[in-house]
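Note sheet for the following structure.
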Amino acid sequence: MSVRRILTVDQDLKVLKQKSAPVARVDDDLRALMDDMLETMYDAPGIGLAAIQVGVPKRVIVMDLARGDAPKEPRFFVNPEIVWTSEELAPYEEGCLSVPEIYEEVQRPATVRLRYLNYQGDAVEEEADGLFATCIQHEIDHLEGVLFIDYLSRLKRNRAVAKVRKAARDEAA
Ligand code: GNR
Ligand code: NI
């Protein structure tokens, strides 16, 4: 297992805007990718990660919503699809490891039903609400090349990208 570099909007916007392709089968190679993604996410640290954030355009997501000292709860989503969304929306102050240190409120459906393949390749259907709903929608957006800053006004989005660029420049100096 290894920690991979997380792509960011200042350097890697073209890759992050790519659409990811479905996975043909859940095999040991794919599980090795998911293991690396999980390690990368824990290292960051973050609560979710899409494969495109480590430069791999496959429809794969890892997540762990356990808080603080609670036991780890790693989750894996292959070829996830949202099959139902509530009309009710919920706001959440979102962040993204690919847009570091920027936090802005986004409104999304409060509850969703999703289908996916798990780590073993078994088909699962379940309902998500709360932070799970927010996070899975944020991650599935990554598979379509959509970032949470795309929901902001152009002014706020441009400011966010400029801030990330400046932070990267200051870091390098
Ligand atoms: O670590 C993360 N936190 C977070 C907070 C609010 C809404 C979404 C997220 S996902 C983010 C990690 C990430 O960038 N996943 O793509
Ligand atoms: Ni993200």
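Bear in mind these aren't lab numbers, they're just calculated from the coordinates by the rules spelled out. Since this is a predicted model, take the numbers as computed values, not measurements. For neighbour counting, all protein chains shown are included, and Cβ atoms are generated from backbone atoms with ideal geometry for every residue, glycine included.
Please list, in chain and number order, the residues 5+ apart from residue 145 or on another chain whose amide H is under 5 Å from its amide H, with Hs placed from the backbone.
20
Return the long-range amide H neighbours of residue 104 (sequence gap of 5 or more, or a different chain), with a cut-off of under 5 Å between placed amide H atoms.
HN-HN under 5 Å from residue 104: 94.
How large is ³J(HN,Hα) for each residue in region 15-22, as worked out from phi by the Karplus curve 6.51 cos²θ - 1.76 cosθ + 1.60 (θ = phi - 60°), to whole Hz, x for Gly and Pro?
Calculated HN-Hα couplings, in order: 5, 4, 7, 5, 8, 8, 9, x Hz.
Taking just the alpha carbons, could you work out the radius of gyration and Dmax for region 23-62, both in angstroms?
9.7, 29
In what sequence do 98, 86, 20, 2 fall when counting other Cβ within 10 Å, fewest first?
By the 10 Å Cβ count, ascending, the order reads 2, 86, 20, 98.
Taking neighbour counts of Cβ atoms within 10 Å as a proxy for exposure, in what order, fewest first, do 99, 124 appear?
Least crowded to most crowded, the residues run 124, 99.
Which aspartates and glutamates have a Cα lying under 18 Å from the Cα of residue 17, excluding residues fewer than 8 positions away in the same chain?
List returned: 139, 141, 144, 150.
Given R₀ = 22 Å, what would the calculated FRET efficiency be for residue 113 paired with residue 67, taking r from the Cβ atoms and rounding to 0.05?
The calculated FRET efficiency here is 0.35.
Can you tell me the dipole magnitude for the chain around its Cα centre, using point charges on the Cβ only (Lys, Arg +1; Asp, Glu -1), in Debye to the nearest 20?
It comes to approximately 860 debye.
Let me know the shape class of region 1-150, please: from the alpha-carbon gyration tensor, a ≥ b ≥ c as square roots of the eigenvalues, rounded when a/c is under 1.5, otherwise prolate if a/b is greater than b/c, or oblate.
Rounded shape, in that the Cα axes give a/c under 1.5.
Using θ = phi - 60° and the Karplus form 6.51 cos²θ - 1.76 cosθ + 1.60, what ³J(HN,Hα) does each residue of region 81-97 get, whole Hz, x for Gly and Pro?
Running phi through 6.51 cos²θ - 1.76 cosθ + 1.60 with θ = phi - 60° gives 9, 8, 9, 7, 10, 5, 6, 5, 9, 9, x, 8, 7, 8, x, 8, 5 Hz.
Given R₀ = 30 Å, what would the calculated FRET efficiency be for residue 171 paired with residue 151, taking r from the Cβ atoms and rounding to 0.05?
With R0 = 30 Å, the Cβ-Cβ based efficiency is 0.70.
What does a probe at residue 163 reach in region 96-117, counting residues whose amide N is under 17 Å from the point 7 Å along Cα→Cβ?
96-107
Could you name the lysines whose alpha carbon sits less than 20 Å from that of residue 166, not counting residues in the same chain fewer than 8 places away?
In chain and number order, the partners are 14, 156.
Enter the Cα centre distance for the pair region 83-112 and region 61-77, rounded to the nearest angstrom.
Distance between centres, Cα-based: 18 Å.
Tally Lys and Arg at +1 and Asp and Glu at -1 over the other residues with C-beta under 14 Å from the C-beta of residue 89: what net charge comes out?
-4
Could you tell me which of rounded, prolate or oblate describes region 40-123, using a ≥ b ≥ c as the square roots of the eigenvalues of the alpha-carbon gyration tensor, with rounded for a/c under 1.5 and, failing that, prolate when a/b is larger than b/c and oblate otherwise?
Rounded, since a/c falls under 1.5.
If each DSSP helix of 4+ residues adds -39,500 (n - 2.57) and the sum is divided by the residues in the chain, what number results at 222 nm, nearest 500 deg cm²/dmol?
Estimated from H runs of four or more residues: -10500 deg cm²/dmol.
Listing 163, 72 from the residue with the fewest other Cβ atoms within 10 Å to the one with the most, what is the order?
Listing 163, 72 from fewest to most nearby Cβ atoms yields 72, 163.
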